[in-house]
Amino acid sequence: DTTCKNRPLDLVFIVDSSRSVRPEEFEKVKVFLSEMIDTLDVGERTTRVAVMNYASTVKVEFPLRTHFDKASLKEAVSRIEPLSAGTMTGLAIQTAMDEVFTEEMGTRPATLNIPKVVIVVTDGRPQDQVQEVAASARTAGIEIYAVGVDRADMQSLRIMASEPLDEHVFYVETYGVIEKLTSKFRETFCAVNVCALGIHDCEQFCVRNGRSYLCDCYEGYTLNPDKRTCSAVDTCAPGRHDCDQICVSNNGSYVCDCHEGYTLNPDKKTCSAMDMCAHGRHDCAQVCLSNDGSYSCGCYEGYTLNPDKKTCSAVDVCAPGRHDCEQVCVRGDLFFSCDCYQGYTLNPDKKTCSRAITSSLVTTEESCKCEAIAALQDSVTSRLEALSTKYILF
């Protein structure tokens, strides 16, 4: 049995028909295409085939939606005519992306996971920029095989082909022996894809490796020594993350966080100190003191911080040791003033006191006045007492 039956493809042949390809050589290319079709399991639900012809221009001979049986495919191939000068390989690959690998033209939806494959056959060097176009095609999920004949530029073939190159770049000396590549492609396309069929024992990710496979792990996991299972990587180990302050492991990945009093910057990596004394951010009764991303509480003058380190109580400003009054401390609302005992007077420094000075020297005139006043007071007192006795007797 020479037919592939286990790997449906959306397969596009891109064949060079520039002036360097002689008519008899182009006929050999058409034989190669027909023999390739014979080896494939062609059908609407299996492998679909399209053919593009290019030189200085590009022609879509038939898209993927046109022929679903080998007979009509080979008949369409037999009618292809070569173009003319030029080798615009980059343009041909770009046209395949834009006009052939579309659902309107017969490419099946991505949800079906049908491989998209291109086989480029050329005998020359591309006359346009093929590197970027081929890279875009590969990024879009298109697998590219490059077949060089005779004068083909090997470096260009390697630039456009998919990895690994030794499985995607082929060369034959002449068009006369190109048919021998048929068996090579049959071996490639018909090899059992154990990854696609799910007949593997990889825990997370299966990577096809020729006719075999290798196991791999998702980002944030590492392959265990058994080469099948995976273990989560400690993404927060030193050197594995770029967090400024705190690394938080998160299912094989990580997120950054900040210490208390700091906030994560928009770059999601570095931290900036928050203004902890902004309104609503602290619970200090009187004074908030910022302290490198944190804060402490303080009190106004005349108050002291309570043991809860948040509220304040008024200080006894006249308590011993809290004032510098020499004799008497007088409390105010928040402050104090000094005073003196009786017989003392406050000095100009408002702190110390001096004994009050009273004069003992009295003049003769003042003495006489005092005696006259005293005699008058005695006379008035005696008179009042006599009247009081008189009225009591009557």
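The values are calculated or read from the model by the stated rules, or taken from the named source; none is laboratory data. Quantities reported herein were computed from a predicted structural model and do not represent experimental measurements. We place every Cβ from the backbone using ideal geometry, glycine too, and count neighbours over all the protein chains shown. For accessibility, only protein heavy atoms count, side chains too; no ligands or nucleic acids. Shrake-Rupley method; radii C 1.70, N 1.55, O 1.52, S 1.80 Å.
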Inset, instruction - Could you please let me know if Asp128 is part of a helix (DSSP H, G or I), without any contact (Cβ under 8 Å) to a residue 60 or more places away in the chain and not polar (S, T, N, Q)? - result: no
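Checking the condition over 33 Å from the mean Cα position of the chain (by Cα), modelled with pLDDT of 95 or more and part of a helix (DSSP H, G or I), which residue from Thr95, Thr188 passes?
Working: Thr188 fails: modelled with pLDDT of 95 or more.
Result of the check over Thr95, Thr188: Thr95.
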Legend entry - Complete set of residues in segment 125-162 that are among the small types (Gly, Ala, Ser) and open to solvent by 40 Å² or more (accessible area, probe 1.4 Å): Ser136, Ala140, Gly141
Legend entry - Flag if Cys202 is more than 17 Å from Val15 (Cα to Cα) and either outside any helix (DSSP H, G or I) or open to solvent by 50 Å² or more (accessible area, probe 1.4 Å) (or both): yes
Inset, instruction - Answer yes or no: is there a residue in segment 49-69 that is without any contact (Cβ under 8 Å) to a residue 12 or more places away in the chain and not in a loop (DSSP other than H, G, I, E, B). - result: no
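Conditions tested, residue by residue: (1) more than 29 Å from Ala314 (Cβ to Cβ); (2) at pLDDT below 80; (3) within 60 Å of the chain's Cα centre (by Cα).
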| site | (1), (2), (3) |
| --- | --- |
| Asp339 | no, no, no |
| Gly343 | yes, no, no |
| Asn347 | no, no, no |
| Lys350 | no, no, no |
| Glu366 | yes, yes, no |
Inset, instruction - Could you please give the count of residues in segment 307-326 that are open to solvent by less than 60 Å² (accessible area, probe 1.4 Å), in a loop (DSSP other than H, G, I, E, B) and either hydrophobic (A, V, I, L, M, F, W, C) or at pLDDT 90 or above (or both)? - result: 6
Legend entry - Close pairs from segment 339-358: first over 12 Å from Cys329 (Cβ atoms) and in contact (Cβ under 8 Å) with a residue 12 or more places away in the chain, partner of a type in the set (Lys, Arg) and in a strand (DSSP E or B), Cβ under 8 Å, at least 6 apart: Gly343/Arg355; Tyr344/Arg355
Legend entry - Which listed residue, of Leu33, Leu40, is at pLDDT 90 or above, under 29 Å from Arg151 (Cα atoms) and in the same structural domain as Gly141 (by the TED database): Leu33
Inset, instruction - Please work out which one of (1) among the hydroxyl-bearing types (Ser, Thr, Tyr); (2) part of a helix (DSSP H, G or I); (3) touching a helix residue (DSSP H, G or I) at 6+ places or on another chain (Cβ under 8 Å) is the condition Ser72 fails and give its number. - result: (3)
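What residue, among those in segment 53-87 that are touching a Gly at 6+ places or on another chain (Cβ under 6 Å) and over 24 Å from Ser20 (Cβ atoms), is most open to solvent (accessible area, probe 1.4 Å)? Reasoning before the result, please.
Residues of segment 53-87 that are touching a Gly at 6+ places or on another chain (Cβ under 6 Å), as a first pass: 55-56, 63-65, 68, 87.
Applying the additional criterion that residues be over 24 Å from Ser20 (Cβ atoms) yields 63-65, 68.
Working: Pro63: 21, Leu64: 0, Arg65: 125, Phe68: 64 Å².
So the residue we want is Arg65.
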